[in-house]
1. Given the conditions (1) within 22 Å of residue 107 (Cβ to Cβ); (2) touching a Leu at 6+ places or on another chain (Cβ under 8 Å), report the number of the one that residue 50 does not fulfil.
2. Within the stretch 1-53, considering only strands (runs of 3 or more DSSP E) that don't extend past its boundaries, which have at least 1 residues that are among the basic types (Lys, Arg) and under 24 Å from residue 88 (Cβ atoms)?
3. Could you tell me which residue of the stretch 1-17 is surrounded by the fewest Cβ atoms within 10 Å (Cβ to Cβ), considering only residues that are touching a strand residue (DSSP E or B) at 6+ places or on another chain (Cβ under 8 Å) and farther than 25 Å from residue 56 by Cα?
4. Which residues, counting only those in the stretch 102-113, are touching a strand residue (DSSP E or B) at 6+ places or on another chain (Cβ under 7 Å) and surrounded by fewer than 16 Cβ atoms within 10 Å (Cβ to Cβ)?
5. Just the residues that are more than 16 Å from residue 16 (Cβ to Cβ) and touching a residue at least 40 places away in the same chain (Cβ under 8 Å), please, taken from the stretch 70-103.
6. Just name the residue that is modelled with the highest pLDDT out of those in the stretch 29-84 that are of a type in the set (A, V, I, L, M, F, W, C), exposed (fewer than 12 other Cβ atoms within 10 Å of the Cβ) and in contact with a strand residue (DSSP E or B) (Cβ under 8 Å, 6 or more places away or on another chain).
7. Listed residues 61, 80; which is touching a helix residue (DSSP H, G or I) at 6+ places or on another chain (Cβ under 8 Å) and not β-branched (Val, Ile, Thr)?
8. Kindly establish whether residue 84 is over 14 Å from the mean Cα position of the chain (by Cα) and among the aliphatic types (A, V, I, L, M).
Amino acid sequence: MSAITTHVLDTARGRPASGVAVVLERVAEGLATPLGRGATDADGRLRDILPSGAPLDAGTYRLVFDTGGYFAAQGTDAFYPEVAVVFQVKNGGGHFHVPLLLSPFGYSTYRGS
């Protein structure tokens with residue numbers, strides 16, 4: 001499993017959001033460096049955005065979710081074309097799970113386990 005994982009739930013439909021494209025970036029000195037990309041599976045999860053066992057250093061990271069593409073594929077109008085979740089890893093190593101609760105006109109996130 002990747003050191004960073006995510007899970008997207010479509011709260012308007014009451015089910016996992018499959019097929020959401022996600023990009024993971026490292027942010028330093030105003031520059032974003034892509035580290036990985038993928039799409040959520042049928043359960044709304046992305047478990048391998050980083051290679052398994054890849055080290056995770058302390059720093060600032062950003063997960064960018066293509067919510068516009070997801071809702072367009074559902075035939076649903078939505079307000080947010082993308083959601084960017086920026087978070088800090090204070091100590092390297094470990095596992096960080098960043099879920100996204102999503103609807104066409106709102107979203108929330110938290111640090112999961």
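1. All conditions pass for residue 50, except number (1).
2. Here the list reads 21-28, 31-39.
3. So the first thing to find is which residues in the stretch 1-17 are touching a strand residue (DSSP E or B) at 6+ places or on another chain (Cβ under 8 Å), and the list is 2-12, 15-17.
From what's left, farther than 25 Å from residue 56 by Cα: 9-12, 15-17.
On the way: 9: 18, 10: 22, 11: 15, 12: 16, 15: 12, 16: 16, 17: 24.
Filtering first and then ranking leaves 15.
4. Listed by number, the residues that qualify are 108, 110, 111, 112, 113.
5. 86, 93, 94, 95, 96
6. This residue is 42.
7. One residue alone meets the criteria, 80.
8. So residue 84 fails the test.
The values are calculated or read from the model by the stated rules, or taken from the named source; none is laboratory data. Here the structure is a predicted model, which is why all the values come from computation and not from measurement. We place every Cβ from the backbone using ideal geometry, glycine too, and count neighbours over all the protein chains shown.
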